[in-house]
Amino acid sequence: MRSELGAFNAQQREEQRRKAVRALLRRPLLTPELEEFRLIRIHQGWLADWFARETGWTLYADASVARLRKVPLRHADGTRPAQAKGKSAFTRRRYVLTCLALAVLERADSQITLGRLAERTLAFAADPELTTCGIVFTLGNREERGDLAAVAWLLLELGVLRKVVGDEGAYIGGSGDVLYDVDRRVLAVLLAVRRGPSTVDAHDPGTRLKAITEELLPETDEGRDQLIQHALARRLLDDPVLYYRELTETERLYLDRHREPLLQRLLDATGFVAEVRAEGIALLDPTREATDLGMPDEGTDGHATLLLAEYLARQMRIYPDTPVEVAEARTEMERLAARHRGPWRRRKASVPELTSGATDRLAALGLIQVRGDVLIPLPALARFAFGEAVIMERKGA
């Protein structure tokens, strides 16, 4: 009886750890209001050791916040932009406003209004270096106030701000304001870098990003192997698909030698399922707890994306290695919209919006690449291609 209880407790402990890992992969910053926060605190030591060993990411957690400092492997990937309240993706202007707003909050009191945040952000935006780069804010029109409101919504989701009273919609319309509490404990752990940006002299954005996120390890065979292992684990955990053709020769050789133990360690800790194909590897999450963007999805947007994926997969099968023009995808979406006008009527989205949303989602899922005016289907898209129907006769008929 005692051994059975011990086995049950061990199984429960392992499942709790998997749930905590999945939660951190989906939301690298969690606060006590979230259900998984308690599990992260319980298993904090094990989680910190596992992430440091397998990915090189560090985990900080206290009674107020848990922060997995996920360092992106590629800085040029624009397929998964920030979004607030499920609305439109962040633009360059919104990202700059976010940085300026955080600088304001660093110097702010424990409470701040959205109007006051706007005033101080404008003061920072007047920096000559920003204006020289063509970054100019006035926040004098509805669109720019909407951008600042989107920044506020993002900071609310992260837990940096907590709403006391007011409505962002009224601020956008110029008829109201919002009061927030500022959570300095969350604000203090928001930045995930290896070194402070102020210590980097380079002005080129790409060079600066590399400098503040670069992982430094000893120039030994063991150090180089650890860097490769971390890079592969990050891509397997953070990207929808790892394509072999995107790896360097050194990374591919390492993966060929260590694939089985590497995958097994990741699967044991996450509960994911590995799909290994000739073109690459995908770790699938049957619980969907670590999935921030999935296929299929509900609603008009999800349905439209699934049907466009089926169309592109069929084109890939008929015309291998042939890109599909965006205009051709839009034509297909027009046909789909006409066929499904009843169920899709409530969405009231235009065909260009549906097409753009679908292609953005497919790109974020590693199923296509968008290059200018063409779409390049990728191998993982083949799972959405239906084969030719085969009519079979029933025995005895």
**Message:** If Glu33 meets every condition in (1) surrounded by fewer than 21 Cβ atoms within 10 Å (Cβ to Cβ); (2) part of a helix (DSSP H, G or I); (3) of a type outside the set (A, V, I, L, M) apart from one, which number is that one?
**Reply:** (2)
**Item:** Subset of region 111-142 [of a type in the set (Val, Ile, Thr) and within 18 Å of Tyr171 (Cβ to Cβ)]
**Value:** Ile112, Thr113, Thr121, Thr138
**Asked** How do the pairs read when you match residues in region 91-106 that are at positive phi and buried (at least 17 other Cβ atoms within 10 Å of the Cβ) with residues anywhere that are modelled with pLDDT under 95 and of a type in the set (Ser, Thr, Tyr), using Cβ under 6 Å and keeping only pairs 6 or more apart or on different chains?
**Response** none
**Request:** Out of Arg74, Arg145, Arg67, report the one residue that is crowded, with 17+ Cβ neighbours inside 10 Å and either farther than 24 Å from Gly174 by Cβ or outside the structural domain of Ala170 (by TED's automatic domain parsing) (or both).
**Result:** Arg67
**Fill in**
Within region 354-377, residues among the charged types (D, E, K, R) and under 16 Å from Pro81 (Cβ atoms) come out as Asp360, Arg361
**Message:** Looking only at region 27-74, how many residues end up being hydroxyl-bearing (Ser, Thr, Tyr) and touching a His at 6+ places or on another chain (Cβ under 9 Å)?
**Reply:** 1
**Request:** For Ala313, indicate whether it is at pLDDT below 90 and under 28 Å from the mean Cα position of the chain (by Cα).
**Result:** no
**Request:** Report yes if some residue within region 339-350 is hydrophobic (A, V, I, L, M, F, W, C), more than 22 Å from the chain's Cα centre (by Cα) and either in a loop (DSSP other than H, G, I, E, B) or at pLDDT below 90 (or both); otherwise report no.
**Result:** yes
**Fill in**
Flagged in region 294-304 as under 30 Å from Ala269 (Cβ atoms) and either surrounded by 12 or more Cβ atoms within 10 Å (Cβ to Cβ) or at pLDDT 90 or above (or both), in numbering order, are Gly294, Met295, Asp297, Gly302
**Asked** Give me the pairs: first residue in region 46-64 and over 14 Å from Leu24 (Cα atoms) and not assigned by TED's automatic domain parsing to the domain that holds Asp238, second residue among the small types (Gly, Ala, Ser) and surrounded by 20 or more Cβ atoms within 10 Å (Cβ to Cβ), beta-carbon distance under 8 Å, and six or more apart or on different chains, which are they?
**Response** Glu54/Ala233; Glu54/Ala269
**Request:** With the checklist (1) under 30 Å from Ile368 (Cα atoms); (2) modelled with pLDDT of 90 or more in hand, flag the one item Ala82 doesn't pass.
**Result:** (2)
**Per-region count, region 56-78, residues part of a loop (DSSP other than H, G, I, E, B), touching an Asp or Glu at 6+ places or on another chain (Cβ under 9 Å) and either farther than 11 Å from Thr213 by Cα or among the aliphatic types (A, V, I, L, M) (or both)** = 6
**Message:** Regarding region 261-270, can at least one residue be identified that is among the acidic types (Asp, Glu), part of a helix (DSSP H, G or I) and either over 26 Å from the mean Cα position of the chain (by Cα) or over 29 Å from Lys19 (Cα atoms) (or both)?
**Reply:** no
**Asked** For region 132-236, list the helices (runs of 4 or more DSSP H) that sit wholly inside it and hold at least 2 residues that are within 26 Å of the chain's Cα centre (by Cα), modelled with pLDDT under 90 and of a type outside the set (Asp, Glu); which are they?
**Response** 205-213
**Message:** Just to be sure before I move on: is Val241 hydrophobic (A, V, I, L, M, F, W, C) and touching a strand residue (DSSP E or B) at 6+ places or on another chain (Cβ under 6 Å) in the structure I sent?
**Reply:** yes
**Asked** Among Asp201, Asp239, Asp225, Asp256, which is exposed (fewer than 12 other Cβ atoms within 10 Å of the Cβ) and under 19 Å from Thr55 (Cα atoms)?
**Response** Asp256
**Failed criterion for Cys99 (all others in (1) at pLDDT 90 or above; (2) not assigned by TED's automatic domain parsing to the domain that holds Val136 hold)** = (2)
**Request:** Please work out if Ala118 is touching a Lys or Arg at 6+ places or on another chain (Cβ under 9 Å), assigned to a helix (DSSP H, G or I), loosely packed, with under 15 Cβ neighbours inside 10 Å and not assigned by TED's automatic domain parsing to the domain that holds Val370.
**Result:** no
**Complete:** When Tyr244 is run through (1) touching a residue at least 12 places away in the same chain (Cβ under 8 Å); (2) surrounded by fewer than 15 Cβ atoms within 10 Å (Cβ to Cβ); (3) not aliphatic (A, V, I, L, M), the failure sits at (2)
**Request:** Mind counting the residues in region 247-288 that are touching a residue at least 24 places away in the same chain (Cβ under 8 Å) and within 17 Å of Leu365 (Cβ to Cβ)?
**Result:** 7
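The values are calculated or read from the model by the stated rules, or taken from the named source; none is laboratory data. Computed from a predicted structure; not experimentally measured. We place every Cβ from the backbone using ideal geometry, glycine too, and count neighbours over all the protein chains shown.
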